[in-house]
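Q: Handing you this structure, nothing more for now.
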Ligand code: 0RQ
């Protein structure tokens, strides 16, 4: 550990995860590192889960509120949820055990725009933070921290927490040192100044995280890789969606609505997003830039192939094989990847200024272009809004993509009315399914509806949607026609029969 922790004062505070976990009392707010299965603490959460179980067995309450960057892994959210140790959880989760507890009403989950989390914490909106548990790769001679595979909200947690526990992970290569860009210029209104980032690959900060050494109460050593973020090979639907997007971008460029040098790309996570990135690999665009939150396998492929020159993100979330390539070619990637705090990677000011092309997946869209990214049948939480809203509202172009049907064709992902709205029609420009692409720019609601039904709906549901839309236009106001008593009947039918089809 001494070669990783080069600041002697911290070496003397080394202890086991169990000893460190005992420093976190019941009922407090704890900030943890972690963003999309990368850079989360590997040991403390499990020790906290064990501690919670023994407290519960002794008849004492033990729950903590856990705030992170975004999702973590089974060894963190899964373990804490399973132990009944989570009171409140924010802002994003993909762990199935934790999701089940959220949907059972046992965990208070707060679903937030990822760019909002740090500033809401500084504004005091979320309450005080007692402890920060942050994974780092090492500590420099002068006590600065080498960030890990995700920066997330770590800068803010280290600033606002009363006490800090560092997990020093000796597995990721220290050669990542220099890849990060931690910006310390954010301030609280009315003293804010513009963020001087004008190109996606600008560096505006410093490579290390700062911490007040007096706050560091424990240092715990771990040696463990991040979650293996495996992706399925793109399926036929994902490939069709990707091909539509690439054709559309090429057409926009030809029409002069997209600059020849292309604009920076944001891509959500998941199989469809990865397929779009794979499509760009063989597409006509060169010198691409990434300005995104999560760097997944597809972007690494683009960098390696020289199609993308640089990528800015807050986290590197890779499959096992892509991670090996990252490690083996770390010198190459360090020159091309910039990891920033999520308040910067997702900042609306920057997304708007750079003209980012935003591509995000969704659960469902309605015929007017409102988007549900988070709720299954209007009530159950899937993962959270994540960064989709940060990018969708502020992007130069904003795509939402989904296969046209889910659950073997029993669910239409194009519905009369969304059962929950995360992005309003005002934020949605282009909807793409394997059926086709609906360009909604410059269209009024009724025109949008017809294009979405014609281009994006699955043939099994298209007549049903057309019938709804036609009848809606025969009653009520004609700006955004609806039959209110029927608008959510498709969801109700699914809840009752397990099938949306009439
Ligand atoms: O459920 O796993 O039980 O089969 O939703 O669907 O098609 O595998 O798609 O993995 O790309 O996820 C929107 C959830 C899509 C994701 C969402 C069911 C479907 C399946 C997953 P099963 P797919 P993906 C960057 C940006 C919000 C955050 C975001 C997400 C499961 O992309 O969380 O964009 N987005 N962040 O069967 C009921 C429907 C459904 C449905 C799909 N209409 N009704 N269930 N499913 N459509 C990342 C970050 O911000 C960190």
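Q: For residues that are more than 6 Å from the ligand (Cβ to nearest atom) and part of a loop (DSSP other than H, G, I, E, B), scanning just region 345-373, find the one that is farthest from residue 433 (Cα to Cα).
A: 347
Q: Please work out which residue is nearest to the ligand (Cβ to nearest atom), limiting yourself to region 230-245 and to residues that are closer than 20 Å to residue 292 by Cα and modelled with pLDDT of 95 or more.
A: 241
Q: Kindly provide the set of residues from region 262-289 that are assigned to a helix (DSSP H, G or I), within 14 Å of the ligand (Cβ to nearest atom) and buried (at least 24 other Cβ atoms within 10 Å of the Cβ), ordered by number.
A: 272, 273, 274, 275, 276, 277, listed by residue number.
Q: Yes or no: residue 83 within 15 Å of the ligand (Cβ to nearest atom) and either free of Cβ contacts under 8 Å to residues at least 60 places away in the same chain or under 23 Å from residue 170 (Cα atoms) (or both)?
A: In short, no.
Q: Right, next: Going by the conditions given, is residue 55 more than 22 Å from residue 381 (Cα to Cα), assigned to a helix (DSSP H, G or I) and touching a residue at least 12 places away in the same chain (Cβ under 8 Å)?
A: yes
Q: Of everything in region 198-211, what is farther than 27 Å from residue 140 by Cα and crowded, with 19+ Cβ neighbours inside 10 Å? Give them in sequence order.
A: Residue satisfying the conditions is 200 alone.
Q: Which of (1) surrounded by fewer than 18 Cβ atoms within 10 Å (Cβ to Cβ); (2) in contact (Cβ under 8 Å) with a residue 40 or more places away in the chain; (3) in contact with a helix residue (DSSP H, G or I) (Cβ under 7 Å, 6 or more places away or on another chain) is the odd one out, the single condition residue 147 does not satisfy?
A: The failed condition is (1).
Q: OK, next. Would you call residue 377 under 28 Å from residue 101 (Cα atoms), in contact with a helix residue (DSSP H, G or I) (Cβ under 7 Å, 6 or more places away or on another chain) and within 11 Å of the ligand (Cβ to nearest atom)?
A: yes
Q: Additional query: Any residue at all in region 13-33 that's within 13 Å of the ligand (Cβ to nearest atom), under 25 Å from residue 422 (Cβ atoms), modelled with pLDDT of 95 or more and in contact with a helix residue (DSSP H, G or I) (Cβ under 6 Å, 6 or more places away or on another chain)?
A: The answer is no, given that none of the residues of region 13-33 is within 13 Å of the ligand (Cβ to nearest atom), under 25 Å from residue 422 (Cβ atoms), modelled with pLDDT of 95 or more and in contact with a helix residue (DSSP H, G or I) (Cβ under 6 Å, 6 or more places away or on another chain).
Q: Within region 393-423, take every residue that is within 26 Å of residue 484 (Cβ to Cβ) and out of contact with any helix residue (DSSP H, G or I) (no Cβ under 9 Å at 6 or more places or on another chain) and give me the one that is farthest from the ligand (Cβ to nearest atom).
A: 421
Q: In the set 41, 61, which member is at pLDDT 95 or above, more than 30 Å from residue 269 (Cα to Cα), in contact with a helix residue (DSSP H, G or I) (Cβ under 8 Å, 6 or more places away or on another chain) and in a loop (DSSP other than H, G, I, E, B)?
A: Being at pLDDT 95 or above, more than 30 Å from residue 269 (Cα to Cα), in contact with a helix residue (DSSP H, G or I) (Cβ under 8 Å, 6 or more places away or on another chain) and in a loop (DSSP other than H, G, I, E, B) holds for just one of 41, 61, which is 61.
Q: I'd like the residue in region 91-114 that is crowded, with 24+ Cβ neighbours inside 10 Å and within 12 Å of the ligand (Cβ to nearest atom) and, out of all such residues, is farthest from residue 352 (Cα to Cα).
A: Ranking the qualifying residues of region 91-114, first place goes to 93.
Q: Select from region 290-327 the residues that are farther than 21 Å from residue 229 by Cα and surrounded by 21 or more Cβ atoms within 10 Å (Cβ to Cβ) and list them in ascending order.
A: 308 - this is the single residue of region 290-327 that is farther than 21 Å from residue 229 by Cα and surrounded by 21 or more Cβ atoms within 10 Å (Cβ to Cβ).
For (1) more than 21 Å from residue 47 (Cβ to Cβ); (2) under 18 Å from the mean Cα position of the chain (by Cα); (3) modelled with pLDDT of 95 or more; (4) assigned to a helix (DSSP H, G or I), each residue gets a yes or a no:
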| residue | (1), (2), (3), (4) |
| --- | --- |
| 81 | no, no, yes, yes |
| 98 | no, yes, yes, yes |
| 105 | yes, no, yes, no |
| 129 | no, no, yes, no |
| 136 | no, no, yes, no |
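For every residue, the table says whether it meets (1) at pLDDT below 95; (2) buried (at least 21 other Cβ atoms within 10 Å of the Cβ); (3) in a helix (DSSP H, G or I).
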| residue | (1), (2), (3) |
| --- | --- |
| 391 | no, yes, yes |
| 398 | no, yes, no |
| 418 | no, yes, no |
| 442 | no, no, no |
| 449 | no, yes, yes |
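Q: Do you know which residues across region 212-236 are surrounded by 19 or more Cβ atoms within 10 Å (Cβ to Cβ), farther than 22 Å from residue 275 by Cα and within 20 Å of the chain's Cα centre (by Cα)?
A: Once the filter is applied, which keeps residues that are surrounded by 19 or more Cβ atoms within 10 Å (Cβ to Cβ), farther than 22 Å from residue 275 by Cα and within 20 Å of the chain's Cα centre (by Cα), region 212-236 yields only 226.
Q: Same structure, new question: Can we say residue 307 is more than 13 Å from the ligand (Cβ to nearest atom), at pLDDT below 95 and in contact with a helix residue (DSSP H, G or I) (Cβ under 9 Å, 6 or more places away or on another chain)?
A: no
Q: For the subset of region 424-434 comprising residues that are in a strand (DSSP E or B) and more than 19 Å from residue 469 (Cβ to Cβ), which member is farthest from the ligand (Cβ to nearest atom)?
A: Within region 424-434, the match that is farthest from the ligand (Cβ to nearest atom) is 430.
Q: State yes or no: is residue 474 in a helix (DSSP H, G or I), away from the ligand (no atom under 14 Å from the Cβ), surrounded by fewer than 19 Cβ atoms within 10 Å (Cβ to Cβ) and free of Cβ contacts under 8 Å to residues at least 60 places away in the same chain?
A: no
Q: While we're on this one: It is to be established whether one or more residues within region 5-21 are within 23 Å of residue 174 (Cβ to Cβ), assigned to a strand (DSSP E or B) and touching a strand residue (DSSP E or B) at 6+ places or on another chain (Cβ under 9 Å).
A: Checking region 5-21: at least one residue is within 23 Å of residue 174 (Cβ to Cβ), assigned to a strand (DSSP E or B) and touching a strand residue (DSSP E or B) at 6+ places or on another chain (Cβ under 9 Å).
The values are calculated or read from the model by the stated rules, or taken from the named source; none is laboratory data. All values reported here derive from a predicted model rather than from experimental measurement. With ideal geometry, Cβ positions are generated from the backbone for all residues, glycine too; neighbour counts draw on all protein chains shown.
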